[in-house]
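Let me begin by presenting the structure, written as structure tokens, before commenting on it.
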Amino acid sequence: MRIAVEGCAHGELETIYKTIIEAEKVDKKKIDLLICCGDFQSTRNLCDLKCMAVPDKYKQMCSFYKYYSGELVAPVLTIFIGGNHEASNYLQELSYGGWVAPNIYYMGLASVVKVGSIRIAGLSGIYKGQDWLKGHFEKPPYSEQTLRSVYHVRNLEVFRLKQLSDKIDIFLSHDWPRGVTKFGNERMLLKKKPFFRSDVESDSLGSPANTELLKKHYPTFWFAAHLHCKFAALVKEEEGPRCTKFLALDKCLPRRKFLQIIDIEHDENIPLTLTYDLEWLTILFLTNHLLSVKNVMNIMPGHEDSVRWIYTPTDEERDIILGKMNSDLKVPLNFVKTEEPYNPQTSPIHSEKPRFQTNPQTTEFCNKLGIDDPLGLLQLLLGIKEDKRDSSFSNTDLDSSYAVELDTSASETFDQTFESSSCTLDDEESRKLSISQVNNSPSQESLDNISQQSQQSISEEPKEVAVAPIEPNLKKFKRRNQSIYCSQD
């Protein structure tokens, strides 16, 4: 299986796809999958630009809207995680993953999926300690604080990923695991990026949560981005045979190493289609009661607790979830537009205010699995009715016949040198984007007087819920307290 790995996309989809097409011409080998390590920037329209945490002068539409509208179609299956420069309002609609455009799949806050027999895990966002223990309380339109806290990693997603037991082939994150520089050519890295030195010496470069996940699972490959440079490392288990090949890649700019092509063995008897991972679905179901949408501390259970604190699924629990999915784990091709796409000829200069809305893909997924949609819970919590605009957008016929000749360098295989040259572009205009990290913590007031949330076992009868009333194990709000959820707005 031939996989192209992209660092930070920064909205340059046309450039990335053209580079892949040119690499296929040079190598005469088809690329089966593109995976992107964040800062994808799936901006559908000018409204989405308001929800992206970059200075105004860098807010450019780029080319994603063409794939969203159907003007262009992704020539290869594309999977990505979120970074810290995203259209957060759109990605929030797809907390558990979904299609942002035909053939382009977002993995959600955290997820595990399979392409053929290759198992891919991913964690979106970046680590910031001040928001680590909070719930997913942010909603559009965002404040200056929540515009950034919305993409900060939470302990719930990392806790869920720690419950995995099956082997992981590829792990995707935006920021690096903390301490990973010690396992590569740190001297050369600091020569290229001298301003990393203080963070490297103080052991504060990267995410401690990612380090925990790496040392828990030791996936075969770990790909990251965020720091806008290429860096490779081989992380070996101290007392064991496991090891991880780590590779970080640059952003999509001319003469930068932003794309790497690797070959990975897979079961050729399994079609290269995108499927859910059964173990992950079961973990989502079993830990649904741990989901919080409040701006307060949300502590995960530990061994000192009397309740269950290990949610690695049993075979019986997996069988129950497989039954819920009707023994079909294929990701449905159910992309639907929830906003009107940008049109350079007709779109107004001043965009509308970002909306607080759910996505039909997430609703369908939650109803089927029997879990809560975080945005659905938040709407119920705040007493907000969804503002639906006209969704009857016209669809342009999909056209995949485009191809532009570019000068590219062929990529050597990842395993041969571990520092092979990447596909680069020499003749595209640079589009610089800020990567400044803002450490402001949110100032939104805590939501108090929330009714009791009950944990229910797999075998209990269905009760009244926020999203999927036909399923157990869901959060429930008592009617006698309904009045306190009504917003004055």
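The values are calculated or read from the model by the stated rules, or taken from the named source; none is laboratory data. Computed from a predicted structure; not experimentally measured. All Cβ positions, even for glycine, are placed from backbone atoms using ideal geometry, and neighbour counts span all protein chains on display. Calculation scope for accessible area: heavy atoms of the full protein, side chains included, ligands and nucleic acids excluded. Shrake-Rupley method; radii C 1.70, N 1.55, O 1.52, S 1.80 Å.
Count of the range 261-281 residues, restricted to those that are more than 24 Å from Leu247 (Cα to Cα), open to solvent by 50 Å² or more (accessible area, probe 1.4 Å) and under 21 Å from the mean Cα position of the chain (by Cα), is 1.
Please verify whether the range 308-321 includes one or more residues that are aromatic (Phe, Trp, Tyr) and either touching a Phe, Trp or Tyr at 6+ places or on another chain (Cβ under 7 Å) or free of Cβ contacts under 8 Å to residues at least 24 places away in the same chain (or both).
Our first condition is that a residue be aromatic (Phe, Trp, Tyr); within the range 308-321, this holds for 309, 311.
Still in the list and also either touching a Phe, Trp or Tyr at 6+ places or on another chain (Cβ under 7 Å) or free of Cβ contacts under 8 Å to residues at least 24 places away in the same chain (or both): 309.
Yes, because at least one residue in the range 308-321 is aromatic (Phe, Trp, Tyr) and either touching a Phe, Trp or Tyr at 6+ places or on another chain (Cβ under 7 Å) or free of Cβ contacts under 8 Å to residues at least 24 places away in the same chain (or both).
Condition check for Asp315 on (1) open to solvent by 40 Å² or more (accessible area, probe 1.4 Å); (2) in contact with a Cys (Cβ under 7 Å, 6 or more places away or on another chain): one failure, at (2).
Condition check for Lys251 on (1) closer than 18 Å to Gly122 by Cβ; (2) under 19 Å from the mean Cα position of the chain (by Cα): one failure, at (1). Counting only residues that are within 21 Å of Ala101 (Cα to Cα), under 22 Å from the mean Cα position of the chain (by Cα) and not aromatic (Phe, Trp, Tyr), the range 334-384 holds 19 of them.
Can you tell me which residues in the range 368-390 are of a type outside the set (Lys, Arg), open to solvent by 50 Å² or more (accessible area, probe 1.4 Å) and modelled with pLDDT of 90 or more? If the condition is that a residue be of a type outside the set (Lys, Arg), open to solvent by 50 Å² or more (accessible area, probe 1.4 Å) and modelled with pLDDT of 90 or more, then Leu380 is the only one that fits. Return yes or no: is Ser207 polar (S, T, N, Q) and either in contact with a strand residue (DSSP E or B) (Cβ under 9 Å, 6 or more places away or on another chain) or touching a residue at least 40 places away in the same chain (Cβ under 8 Å) (or both)? Yes, satisfied.
Every condition in (1) assigned to a loop (DSSP other than H, G, I, E, B); (2) at pLDDT 95 or above holds for His350 except the one numbered (2). Here Ser327 clears all of (1) open to solvent by less than 50 Å² (accessible area, probe 1.4 Å); (2) farther than 30 Å from Lys50 by Cβ except the condition numbered (1).
Quick check on the range 126-136. Is at least one of its residues open to solvent by less than 10 Å² (accessible area, probe 1.4 Å), of a type in the set (Gly, Ala, Ser), out of contact with any strand residue (DSSP E or B) (no Cβ under 8 Å at 6 or more places or on another chain) and over 23 Å from Glu364 (Cβ atoms)?
Keep residues of the range 126-136 that are open to solvent by less than 10 Å² (accessible area, probe 1.4 Å), which gives 126, 131, 135.
Now narrow it down to the ones that are of a type in the set (Gly, Ala, Ser): 135.
After this cut, where a residue has to be out of contact with any strand residue (DSSP E or B) (no Cβ under 8 Å at 6 or more places or on another chain) as well, the list is 135.
Going one step further and asking which of them are over 23 Å from Glu364 (Cβ atoms), we end up with 135.
Yes.
When we screen Ala87, Ala121 for residues that are in contact with a Ser or Thr (Cβ under 6 Å, 6 or more places away or on another chain) and modelled with pLDDT of 95 or more, the only hit is Ala87.
Take the conditions touching a Ser or Thr at 6+ places or on another chain (Cβ under 9 Å), of a type in the set (A, V, I, L, M, F, W, C), touching a residue at least 40 places away in the same chain (Cβ under 8 Å) and more than 28 Å from Glu386 (Cα to Cα) and apply them to Ile262. Does it pass?
On the way: touching a Ser or Thr at 6+ places or on another chain (Cβ under 9 Å): yes; of a type in the set (A, V, I, L, M, F, W, C): yes; touching a residue at least 40 places away in the same chain (Cβ under 8 Å): yes; more than 28 Å from Glu386 (Cα to Cα): yes.
So Ile262 fits the description; yes.
On the basis of being among the aliphatic types (A, V, I, L, M), touching a helix residue (DSSP H, G or I) at 6+ places or on another chain (Cβ under 6 Å) and in a helix (DSSP H, G or I), does Ile283 make the cut? Taking the combined requirement at face value, the residue satisfies it.
For Met52, the conditions (1) open to solvent by less than 10 Å² (accessible area, probe 1.4 Å); (2) under 22 Å from Ala224 (Cα atoms); (3) in contact with a strand residue (DSSP E or B) (Cβ under 7 Å, 6 or more places away or on another chain) all hold with the exception of (3). Each residue in the range 72-87 was checked for being open to solvent by 10 Å² or more (accessible area, probe 1.4 Å) and out of contact with any strand residue (DSSP E or B) (no Cβ under 8 Å at 6 or more places or on another chain), and 3 of them qualify.
Looking at Phe196, Phe223, can you tell me which residue is farther than 30 Å from His303 by Cβ and open to solvent by less than 10 Å² (accessible area, probe 1.4 Å)? Let's see the steps before the verdict.
On the way: Phe196 fails: open to solvent by less than 10 Å² (accessible area, probe 1.4 Å).
Of Phe196, Phe223, the one residue that is farther than 30 Å from His303 by Cβ and open to solvent by less than 10 Å² (accessible area, probe 1.4 Å) is Phe223.
If only residues of the range 176-198 that are free of Cβ contacts under 8 Å to residues at least 60 places away in the same chain and in contact with a Ser or Thr (Cβ under 9 Å, 6 or more places away or on another chain) are counted, the one that is nearest to Tyr276 (Cα to Cα) is Arg178.
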